[in-house]
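The values are calculated or read from the model by the stated rules, or taken from the named source; none is laboratory data. In this text, all values refer to a predicted model and were calculated from it rather than measured experimentally. Every residue, glycine as well, gets a Cβ built from its backbone with ideal geometry; the counts of neighbours run over all protein chains shown.
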Amino acid sequence: MNLDAYRTRVAVTGGAGFIGSNLLLYLVPLYSEYLFVNIDCLTYAANLANLSSIESRDNYRFEKVDVRNAAELTACFDKYRINAVIHLAAETHVDRSIDGPAEFIQTNIVGTFNLLERAVSVAKENPGFRFHHVSTDEVYGSLGETGTFSEQSPFGPNSPYAASKAAADHLVRSYHKTYGLNTVTTNCSNNFGSLQFPEKLIPLMIRNATERQPLPVFGDGLNVRDWLYVEDHCRAIDVVFHKGEAGRTYNVGGGNEVTNIDLVESICRIMDQMLDGDRHEELIRFVEDRPGHDRRYAIDSSRIRDELGWLPKYSFEAALRATVEWYLDNDTWLESCISGDYRKYYERMYADRLSGEK
């Protein structure tokens, strides 16, 4: 292919995952003058079928590459003469990080280090090189009943997942300060939407409800999360990648603080309406709380709003209804995720939760 036809050649790591798939579906048609190279090692949570609508486009390529493998990264960067990175590749599930933190250390920390090393090398010949690191609000820890996380909030991660992402954030900052690498970081709140792997709360509840299986809710269900529709997050990544100030961090939140139990009950009510009045709330079960479970997250998004003009486009209620509808309409996709080796893990995790029913 003629690489010179594309002035920007972006490596999107983790592009076959939930946020990565949605991001590529958004960006590839929008920027035909860019080449997007999807770098993913295809873990259990990745699904190339998510990208079938763009896989034949001239400005999209997929490379099966593991960010933990520096040699593979070097070869891929050289092959496509990469001059920008949007880094989403990560192990993300908190329960899994508690069960087995080693993978989170290797992927989230070592993988980020490998990418930064490659980026510093490439940036020497590409002054405009940009490295966009996509992170989480979990690096900040837990809030009390009031207040929000700002970009100045101290880090206080409480799970191995959050700690690994915090370490990656620090590495990105250090490569900007020490080596002058053009970096931006976004720390987002809980994402939801289509194509999310069903170990996460919303698709898990939808899947269990359709099967008339119990809906496990940790502890008293009063943990609060700020929910961000994935399409709004993709728009935020777009604007920060293009307009964010080098070395700057931007918090991205949906402004939708909801307790876990209220969220699950909302999903049940939507499903009652869509499935001819079936009562789903009766399936809710309170189970033993997750170790180190953060009580509340809330994001102050004023910086990205005031400096870059980003605002959420979708209301939480409309986006949640659209999300439930998508999973009900794509039950084959949802069930295909829970197969093979993952089914064994899913069944064990599910049984462990219900064994701690309160």
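Quick look at the values:
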item	result
Region 251-271, subset more than 20 Å from the chain's Cα centre (by Cα) and among the charged types (D, E, K, R), residue nearest to Phe241 (Cα to Cα)	Asp262
Matching residues, region 136-165, being free of Cβ contacts under 8 Å to residues at least 60 places away in the same chain and surrounded by fewer than 20 Cβ atoms within 10 Å (Cβ to Cβ)	Thr146, Gln152, Ser153, Pro154, Phe155, Gly156
Residue that is under 24 Å from Gly292 (Cβ atoms) and of a type in the set (Lys, Arg), where the choices are Arg57, Arg96, Arg61	Arg96
Ala167 vs. criteria in a helix (DSSP H, G or I) and farther than 28 Å from Arg269 by Cβ	yes
Residue match in region 84-99 (condition: more than 13 Å from Leu115 (Cα to Cα), modelled with pLDDT of 95 or more and hydrophobic (A, V, I, L, M, F, W, C))	no
Selection count, region 299-340, where residues are part of a loop (DSSP other than H, G, I, E, B), of a type in the set (Gly, Ala, Ser) and surrounded by fewer than 18 Cβ atoms within 10 Å (Cβ to Cβ)	3
Matching residues in region 42-57 - criterion: being on the phi < 0 side of the Ramachandran plot and either β-branched (Val, Ile, Thr) or without any contact (Cβ under 8 Å) to a residue 40 or more places away in the chain (or both)	Thr43, Ala46, Leu48, Leu51, Ser52, Ser53, Ile54, Glu55, Ser56, Arg57
Matching entry among Glu145, Glu117, Glu125 (being closer than 30 Å to Arg81 by Cβ, part of a loop (DSSP other than H, G, I, E, B) and either in the same structural domain as Cys76 (by TED's automatic domain parsing) or modelled with pLDDT under 95 (or both))	Glu125
Qualifying positions in region 10-36 - crowded, with 23+ Cβ neighbours inside 10 Å and outside any helix (DSSP H, G or I)	Val10, Ala11, Val12, Thr13, Gly14, Gly15, Ala16, Gly17, Leu35, Phe36
